[in-house]
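S.K.: Take this structure first; my questions come after.
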Amino acid sequence: MGIDDFGGGQGPEPDVLVVTTNDVPGFRVQEVLGEVFGLTVRSRHIGSQIGAGLKSMIGGELKGLTKTLVQTRNQAMDRLVEQARARGANAVLMFRFDVTEAADVGTEVCAYGTAVVLARD
């Protein structure tokens with residue numbers, strides 16, 4: 001498994017910049033478009049649950065589950081960017097993830113933030 005299996009985020013020069021900060025140096029917020037979010041719910045397949053159960057007895061990273069969570073977070077972030085782009089935003093400020101168990105059948109991942117239009121200072 002490579003680095004992309006265990007990480008995420010945007011590539012260089014995205015058309016919609018996503019940051020966890022309240023502002024971006026060298027830019028000013030020209031317009032606030034409101035909250036945007038991307039949501040996905042994923043269930044775990046029986047093989048990963050059995051593997052995780054066995055691994056938990058001896059300890060160590062659950063790489064299969066880690067990879068699934070990375071894919072899930074990336075999908076939620078992609079959906080957030082799609083929503084921001086559809087509203088005319090070129091950035092999302094105060095980006096966050098929220099992860100919860102969904103009715104004991106899977107994991108819900110919500111990526112959220114504030115869609116804005118940034119302009120150079």
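The values are calculated or read from the model by the stated rules, or taken from the named source; none is laboratory data. Only a predicted model underlies this, so the values are computations on that prediction, with no experimental measurement involved. Here Cβ is always computed from backbone atoms with ideal geometry, including for glycine, and neighbour counts include all displayed protein chains. Note: accessible area is taken over every heavy atom of the protein model, side chains too, but ligands, DNA and RNA are not part of it. Shrake-Rupley method; radii C 1.70, N 1.55, O 1.52, S 1.80 Å.
S.K.: Going by the conditions given, is residue 62 at pLDDT below 80 and surrounded by 13 or more Cβ atoms within 10 Å (Cβ to Cβ)?
M.R.: Answer is yes for this residue.
S.K.: Being basic (Lys, Arg) and in contact with a strand residue (DSSP E or B) (Cβ under 7 Å, 6 or more places away or on another chain) is the filter here; which residues of segment 83-121 pass it?
M.R.: Across segment 83-121, the qualifying residues are 87, 96, 120.
S.K.: Given the structure, is residue 109 surrounded by 14 or more Cβ atoms within 10 Å (Cβ to Cβ) and in contact with a helix residue (DSSP H, G or I) (Cβ under 6 Å, 6 or more places away or on another chain)?
M.R.: yes
S.K.: Moving to a separate point now. Any idea which residue in segment 80-98 is farthest from the chain's Cα centre (by Cα), counting only those that are surrounded by fewer than 18 Cβ atoms within 10 Å (Cβ to Cβ) and part of a helix (DSSP H, G or I)?
M.R.: 86
S.K.: Can you tell which of 32, 36 is modelled with pLDDT of 95 or more, within 16 Å of residue 115 (Cα to Cα) and open to solvent by less than 70 Å² (accessible area, probe 1.4 Å)?
M.R.: Criteria check complete, one pass: 36.
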